[in-house]
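Each remark here refers to the structure printed beneath this line.
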Amino acid sequence: MATLESILESDLADVAKGDHPIDVLIIGSGAAGVTSAIQLAREGKRVVILEAGPFLLTSHVGSTPFRSREDIVPQIHQKVVYRSSWKTASDLEDLGDEEAPGNNNAWSLVGGRTVFWGGCTPRFTSWDFDDWPISLGDVEPYYERVEAMMHVSGQPGGDQPAFFQSKSQDELIDKLNTAEIAARRATLGVDTDDVRNGHISRGFDSSVARLLRSGNLIPWGDKAGISLVAQAEALRLIKGDKAIEGVEVLDRRTGDTHVLHATQVVLAGSALQSTRLAMVSELNDPSGMMGHYVNDHLFVQGVMKLDKPLEEGPLYIFLEPTPERPYHVQLQGPFNETWYSPYHATVWLEPDPEGVYVLFYVFGVGTVEHGNRLELRKRKGDGSVMNDYVVVYDRSEQDIEVLQQMRDCMPAAAKVMGAEVVKDQINNPGEALHEIGGLRMGTTESEGVTDTYGKFWRYDNLWAADASSWPSQGTANSYLTIASLALRQAEKAE
Ligand SMILES: Cc1cc2nc3c(=O)[nH]c(=O)nc-3n(C[C@H](O)[C@H](O)[C@H](O)COP(=O)(O)OP(=O)(O)OC[C@H]3O[C@@H](n4cnc5c(N)ncnc54)[C@H](O)[C@@H]3O)c2cc1C
């Protein structure tokens, strides 16, 4: 069957020949990897992206003709999903040597999870950075640039109009604000520029689409640009005294392994995979923090029933977090009876004007505990070593209290909207898919595995570009902040 492979991908064996030097080797092609790669290529670097998964789609699934096809989309997920395992310390102890079963999803494909993400793009608040060694002021200029790159719409004060602009939405926002529940139209990673004068909307943001549009993707050779090697899994970083001397890579198509040498190496496999790779590679870590302080958003979901269909829908409303209420709420609808699933995170694109159900998603800040960690552990999975870890995660008393507050906030908001909550659920750790930590940043080598730009203290040429270096999750969904920090880091690495 003819595929785009020969046009868009480079061959691992070719790259490994060493005919041309690799300036930067980036492991992972999601939000972090591609944002970093484009910036570095524009600065004249020869960049190679390694991606363990296959090239499946050239854009976000929400920008494809089958975005609402419930018979097709889950099957696409199934091709690239593998199961991860989050366990409490006592559950893991009870398991002994038995297999730790999967209870969460992880995705592996060109574009990473940006092919399926749900599109909500709030920024961190200033107080979200309270336990970080950097502040909102350090990140703000990058937020602005990344929002422009992603064509984020609905940013308060921004140029791109909100995706949903219905009368009923605005009336409900007014009612919520009057009831002192701070509400606004959601900020979304969807281009709302008019289609005219030769401009075609870029649709849903995804790193794979950004990579393809960038003009920087080139076949491997003697030129500055980005070469993409898919189905190539970084197995181990080969450490020298102060630098990474090579990366051992598995060609998943042939089963061969190769060693690549690069001036700089960037980990962008997502927080858990970058941490796993650093641990498998037995990197030196004077801080003793490697693998620790792993976290995910606290996540409560629900559905409310309106007393009658909206006069003029639809809606996607964002309820702001506050320091006293460290969580935000996303409200989407209306629909016929429905429930959130990660396989259909863009359900909000297809509201039903006659529907009376509105989805709630509440994401809250969990405490960050040293004992919440990634442990290397053999698991069967699909045979890939990427499955070989367990996240050991216990909720703190504060987490349990905040989760209860998150659940309790729903009826009040529903009442203001003329609705009642008909179903809600506290989701398990890991299900928010906003995981962070493992390679925590700090201002000295005893306070962090990485510095405030994600560079490893112990290695002169190794960086973590994804959320593995984050000290805490903040209230916002992670994509925008991952891409913004990756851009900030890439400028530092130039
Ligand atoms: C259904 C869903 C809905 C979401 N909704 C939202 C939302 O509304 N808003 C938001 O902000 N976020 C959302 N997210 C989360 C967001 O998508 C992620 O936080 C973000 O995409 C993570 O980017 P990343 O680059 O760190 O990692 P990923 O996107 O996970 O990409 C990492 C890539 O690296 C590859 N990789 C890992 N290890 C290796 C290795 N050893 N060798 C080679 N390749 C490797 C993986 O195969 C993967 O493709 C959602 C996620 C999902 C799945």
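The values are calculated or read from the model by the stated rules, or taken from the named source; none is laboratory data. Please read these numbers as outputs of a predicted model, since none were measured by experiment. Surface accessibility is based on the protein's heavy atoms, side chains included, excluding ligands, DNA and RNA. Shrake-Rupley method; radii C 1.70, N 1.55, O 1.52, S 1.80 Å.
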What lysines does residue 17 reach when the alpha-carbon gap must be under 28 Å and sequence neighbours fewer than 8 apart in one chain are set aside?
45, 223, 239, 242, 455
What lysines could a cross-link reach from residue 167, if we take a straight Cα to Cα line under 30 Å and drop same-chain neighbours fewer than 8 places away?
175, 305, 308, 415, 423
When you have a sec, figure out the Kirkwood radius of segment 1-90 from all distinct Cα pair distances and drop it here in Å to one decimal?
16.2
Return, for the Cα atoms of segment 127-244, the radius of gyration and Dmax in Å, separated by a comma.
20.8, 63
With a 1.4 Å probe and all protein chains kept in place, how much accessible area does residue 354 have, in Å² rounded to the nearest 10?
130
List 51, 248, 282, 43, ordered by accessible area with a 1.4 Å probe, largest first
282, 43, 248, 51
State in Å² the accessible area per residue of segment 137-240; use a 1.4 Å probe, count heavy atoms of protein chains only, and round to the nearest integer.
45
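So what is the relative contact order of the chain, in percent, for Cα pairs below 8 Å that sit 6 or more residues apart? Show your work: numbers first, answer last.
Numbers: 1195 pairs, mean separation 112.7, N = 494.
Reported relative contact order: 23 percent.
Averaging sequence separations of C-alpha pairs under 8 Å and six or more residues apart, then dividing by the length of segment 351-456, give the relative contact order as a whole percent. Let's see the in-between values first.
Details: 83 pairs, mean separation 17.8, N = 106.
In percent, rounded to a whole number, it is 17.
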Could you state the angle between the C-alpha long axis of helix 271-280 and the longest principal axis of the C-alpha atoms of the chain, as a value from 0 to 90 degrees rounded to the nearest 10?
30
For segment 334-382 and segment 119-175, what is the separation of their C-alpha centers, rounded to whole Å?
20
Ignoring ligands and nucleic acids, residue 72 exposes an accessible area, probe 1.4 Å, in Å² to the nearest 10, of 50
Any lysines with Cα under 23 Å of the residue 380 Cα? List them, leaving off those in the same chain fewer than 8 positions away.
79, 87
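For the chain, what proportion of DSSP beta bridges, expressed in % and rounded to the nearest 5, is antiparallel? Walk me through the numbers before you get to the answer.
Details: 56 of 78 bridges.
Antiparallel bridges make up about 70 percent of those DSSP assigns within the chain.
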In vacuo Debye sum over C-alpha of segment 339-494, base-10 log of normalised intensity I(q)/I(0) at q = 0.09, 0.12, 0.17 Å⁻¹, listed in q order, is -0.43, -0.72, -1.17
Measure of size requested: the Rg and Dmax of the chain, with Cα atoms as the atom set and Å as the unit; please supply both.
22.0, 68
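Round to a whole number: what % of the accessible area of the chain belongs to carbon and sulfur, probe 1.4 Å?
Details: 9280 of 19590 Å².
Solvent-exposed carbon and sulfur of the chain make up 47 percent of the total.
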Segment 285-387: Rg/Rh from Cα coordinates, Kirkwood Rh?
1.15
Solvent-accessible area of residue 463 with every protein chain in place, 1.4 Å probe, in Å² to the nearest 10:
20
